[in-house]
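The values are calculated or read from the model by the stated rules, or taken from the named source; none is laboratory data. What you see is a predicted model, and the numbers here were worked out from it, not measured in a lab. Here the Cβ positions follow ideal geometry from the backbone for every residue, glycine too, while neighbour counts run over all protein chains shown. Ligands, DNA and RNA are stripped out before the accessible areas are found, and what is left, the full protein with its side chains, is counted by its heavy atoms. Shrake-Rupley method; radii C 1.70, N 1.55, O 1.52, S 1.80 Å.
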Amino acid sequence: MRRCLEVNNLEINFKTYAGTVYAVRDVSFYLDEGETLAIVGESGCGKTVTSKGILKLLPKFITEIPRGSIKFNGRELLYLKEKEMNQIRGEEISMIFQDPMTSLNPTMTIGDQIKENLIIHKKLNRVEAERETVEILKMVNIPEVEKRIGSYPHEFSGGMRQRVMIAIAISCSPKILIADEPTTALDVTIQAQILNLMKKIQKEILMGIILITHDLGVVARIADRIQVMYAGKIVETGATKEIFKNPKHPYTLALLKSIPAFNSSKKSELYAIKGTPPDLISPPKGCAFAKRCDYVMKICQEIQPENFEISKGHISSCWLEHKYMKEGKDNE
Ligand code: SF4
């Protein structure tokens with residue numbers, strides 16, 4: 001598979017009245033064509049900031065990117081002018097936001113919102129755009145398309161609005177779709193339909209998907225690889241099966257432990273990770289998870305952990321994976 005996105009050593013800061021927030025700290029990852037990468041972590045871990053950073057959708061007056069590179073098909077996005085970036089957005093890289101009600105234009109019919117995209121990006125005329133809009137709405141399973149094309153967003157249910165968001169996002173057959181919590185507001189049945197739909201479209205147009213979520217159930221269903229973020233850093237990454245079967249980082253272990261057990265016979269309290277994430281105005285000197293970690297050691301508070309390769313593509317950023325720690329364990 002061809003690599004379509006490469007992010008290297010990305011740092012994103014926000015200048016606020018309280019001080020500089022170091023929101024994304026030395027983040028590197030990639031995405032291949034047709035692949036689904038899930039970025040997981042608690043709110044504020046930097047997953048949405050990273051993805052909005054790729055599309056340069058962060059507020060300019062407070063955002064600072066002091067270091068890093070974002071290459072899309074070999075082209076550096078950080079140096080592109082706004083006009084060039086506008087072409088990439090929607091046409092090459094699309095984004096679906098969490099709440100379709102606030103992302104759709106309430107004053108335009110859903111048909112017009114898709115048509116507008118096709119006219120601007122694909123340079124279609126009105127008749128061609130109308131025809132293609134019908135096809136796209138059928139593709140995302142909107143019933144009675146010819147009737148519903150003239151409806152406004154408020155006339156649709158939550159699931160249908162999310163389908164419309166997907167329709168807009170895929171209307172120009174993007175190479176990458178960034179989906180930020182695309183199914184959070186939906187019930188499980190609709191959630192499954194939306195995820196299946198995204199997978200189906202992905203196969204058809206070989207689109208890479210970056211799925212941002214805190215829902216590990218969704219991740220297990222559709223992601224090929226997982227990237228766990230904590231306090232602006234990637235703490236563990238690897239193939240989905242490997243991370244679920246052999247999680248290494250204590251934060252990943254804690255996230256997995258906090259999934260409610262569906263078939264548990266015992267009445268047990270739901271596990272919650274103690275404490276709160278650190279303040280990113282003054283990030284800790286050592287491991288950012290140290291204050292909440294059950295395995296914390298002296299070194300964790302002093303020095304940031306290195307990245308340790310567990311197996312091919314599986315990396316954990318935790319001192320427990322240092323060879324001396326492992327030797328110690330082996331000698332026990
Ligand atoms: Fe816990 Fe230390 Fe690993 Fe951080 S480096 S996750 S504090 S054991």
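Starting from segment 124-153, take each residue that is under 15 Å from SER171 (Cα atoms) and touching a residue at least 24 places away in the same chain (Cβ under 8 Å) and list its partners that are among the hydroxyl-bearing types (Ser, Thr, Tyr) and assigned to a helix (DSSP H, G or I), counting only C-beta distances under 7 angstrom and pairs at least six apart or across chains.
ILE149/THR133
Please enumerate the residues belonging to segment 35-84 that are outside any strand (DSSP E or B) and within 25 Å of MET1 (Cα to Cα). Working first, answer last.
Taking segment 35-84 and keeping what is outside any strand (DSSP E or B), we get 35, 41-62, 73-74, 77-84.
Residues satisfying the conditions are GLU35, LYS47, THR50, SER51, LYS52, GLY53, ILE54, LEU55, ASN73, GLY74, LEU77, LEU78.
Does segment 155-164 contain any residue that is closer than 27 Å to GLU42 by Cβ and either polar (S, T, N, Q) or in contact with a Ser or Thr (Cβ under 7 Å, 6 or more places away or on another chain) (or both)? Reasoning before the result, please.
To start, the set of residues in segment 155-164 that are closer than 27 Å to GLU42 by Cβ comprises 158-159, 161-162.
Adding the requirement that they be either polar (S, T, N, Q) or in contact with a Ser or Thr (Cβ under 7 Å, 6 or more places away or on another chain) (or both) leaves 162.
Yes, there is a match, as at least one residue in segment 155-164 is closer than 27 Å to GLU42 by Cβ and either polar (S, T, N, Q) or in contact with a Ser or Thr (Cβ under 7 Å, 6 or more places away or on another chain) (or both).
Out of the residues in segment 308-318 meeting the condition of being part of a loop (DSSP other than H, G, I, E, B) and more than 8 Å from the ligand (Cβ to nearest atom), tell me which one is surrounded by the fewest Cβ atoms within 10 Å (Cβ to Cβ). It would help to see each step written out before you state the result.
Looking only at segment 308-318, we keep the residues that are part of a loop (DSSP other than H, G, I, E, B), and these are 312-313, 317-318.
Cutting the leftovers down to more than 8 Å from the ligand (Cβ to nearest atom) gives us 312-313.
Details: LYS312: 9, GLY313: 11.
Restricting to residues being part of a loop (DSSP other than H, G, I, E, B) and more than 8 Å from the ligand (Cβ to nearest atom), the top hit is LYS312.
State all residues of segment 277-328 that are without any contact (Cβ under 8 Å) to a residue 12 or more places away in the chain and out of contact with any helix residue (DSSP H, G or I) (no Cβ under 7 Å at 6 or more places or on another chain); if no residue qualifies, say none. Break it down stepwise before answering.
Pass one, segment 277-328, residues without any contact (Cβ under 8 Å) to a residue 12 or more places away in the chain: 279, 290, 296, 298, 307, 309, 312, 323-328.
Hits for segment 277-328 are ASP279, LYS298, ASN307, GLU309, LYS312, LYS323, TYR324, LYS326, GLU327, GLY328.
Considering segment 50-79 alone, what residues qualify as being without any contact (Cβ under 8 Å) to a residue 40 or more places away in the chain and within 26 Å of PRO247 (Cα to Cα)?
Hits for segment 50-79: nothing passes.
Restricting attention to segment 56-71, does a residue exist that is modelled with pLDDT under 90, open to solvent by less than 60 Å² (accessible area, probe 1.4 Å), out of contact with any Asp or Glu (no Cβ under 7 Å at 6 or more places or on another chain) and within 25 Å of VAL219 (Cβ to Cβ)?
Checked segment 56-71: no residue is modelled with pLDDT under 90, open to solvent by less than 60 Å² (accessible area, probe 1.4 Å), out of contact with any Asp or Glu (no Cβ under 7 Å at 6 or more places or on another chain) and within 25 Å of VAL219 (Cβ to Cβ).
Going by what's in this entry, would GLN162 be described as under 18 Å from THR48 (Cβ atoms) and of a type in the set (S, T, N, Q)?
yes
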